Amino acid sequence: MKSAFIFSCLFLMVSSCQTELLKTKRKEQVSEQQGPITRTINDSTFSYELVNKKWINVSIINSADHFSMLVKRFGQKDSIDFDKEHISAKTPEFEWMNNKFICITTWWSGPFSSSLIVPVKRVTEPFKYFVKGILTSDKIRNQVVYSERIFGKEKIQFAIENLETNKKQFVDWKIPSNHSEFPYCDSLCLKNNKLIIWDGLKSTVFSF
């Protein structure tokens, strides 16, 4: 009886270990599938996915540093040639996504970047291009901030744009003497219809 009991315990332990190993392998397989998928097309061309959902897929195709973007959504397909659209890009990266828009950053020189907004549901244009880059976003209200105009070393004008209505509002920011480089402040934050600009330990709030 003792030997039968010990054998039963050993059998249960081995079975439990095998089950845990299978669970671990499944978890590893799932986590691997969640990463970006890179496909080699030929020696000089490869593609990688920025977004891979059931309803929308966004892929970047790099052909000897000539970039294009393929967007597939709800049975529609758009191919955007960055050179033809005059989009400067070296390393397009996924920035954020909500249920209406996808934001992609296209770094092109040091800290400088441009931004692409891709609508999840295509209405008119397949994308919107912000050549000077989006500086901060409110993903809940679908609002973005970017520099509209720079007045020498004196002032910069920030635009707050609603991506759904395309309506803009503007904020003028006097460039502090200690910030001689773009974006001429420490940081920006957009929340609850307020633009907060930080300079050192001081914050300035603009309501709109």
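The table that follows gives values for the structure above.
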| read-out | value |
| --- | --- |
| Residues within the range 171-202 that are exposed (fewer than 13 other Cβ atoms within 10 Å of the Cβ) and not charged (D, E, K, R), tallied | 7 |
| Close pairs (6 angstrom Cβ cut-off, 6 or more residues apart or separate chains): farther than 28 Å from Trp96 by Cβ in the range 34-50, modelled with pLDDT of 70 or more and not in a strand (DSSP E or B) anywhere | Ser44/Ala64 |
| Any chance Ser147 is of a type in the set (S, T, N, Q), farther than 27 Å from Glu181 by Cα, surrounded by fewer than 20 Cβ atoms within 10 Å (Cβ to Cβ) and in contact with a Leu (Cβ under 9 Å, 6 or more places away or on another chain) | no |
| Enumerated strands (runs of 3 or more DSSP E) restricted to the range 32-141, each holding at least 2 residues that are small (Gly, Ala, Ser) | 56-63, 112-119 |
| Any hit, the range 76-84, residues being surrounded by 15 or more Cβ atoms within 10 Å (Cβ to Cβ), at pLDDT 90 or above and more than 20 Å from Met97 (Cα to Cα) | yes |
| Residue tally, condition in a strand (DSSP E or B) and over 11 Å from Asn142 (Cβ atoms), over the range 152-174 | 13 |
| Condition check for Tyr129: closer than 18 Å to Leu50 by Cβ, under 18 Å from the mean Cα position of the chain (by Cα) and either surrounded by fewer than 16 Cβ atoms within 10 Å (Cβ to Cβ) or hydroxyl-bearing (Ser, Thr, Tyr) (or both) | yes |
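Rundown of residues vs (1) of a type in the set (A, V, I, L, M, F, W, C); (2) in contact (Cβ under 8 Å) with a residue 60 or more places away in the chain; (3) within 19 Å of Ser88 (Cβ to Cβ), yes/no style:
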| site | (1), (2), (3) |
| --- | --- |
| Trp107 | yes, no, yes |
| Ile117 | yes, no, yes |
| Val144 | yes, no, yes |
| Ala159 | yes, no, no |
| Asn162 | no, no, no |
| Lys168 | no, no, no |
| Val171 | yes, no, no |
| Asn178 | no, no, no |
| Asp186 | no, no, no |
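The values are calculated or read from the model by the stated rules, or taken from the named source; none is laboratory data. Small disclaimer: the values here were computed from a predicted structure and weren't measured. Here the Cβ is made from the backbone with ideal geometry for all residues, glycine too, and neighbour counts use every protein chain on show.
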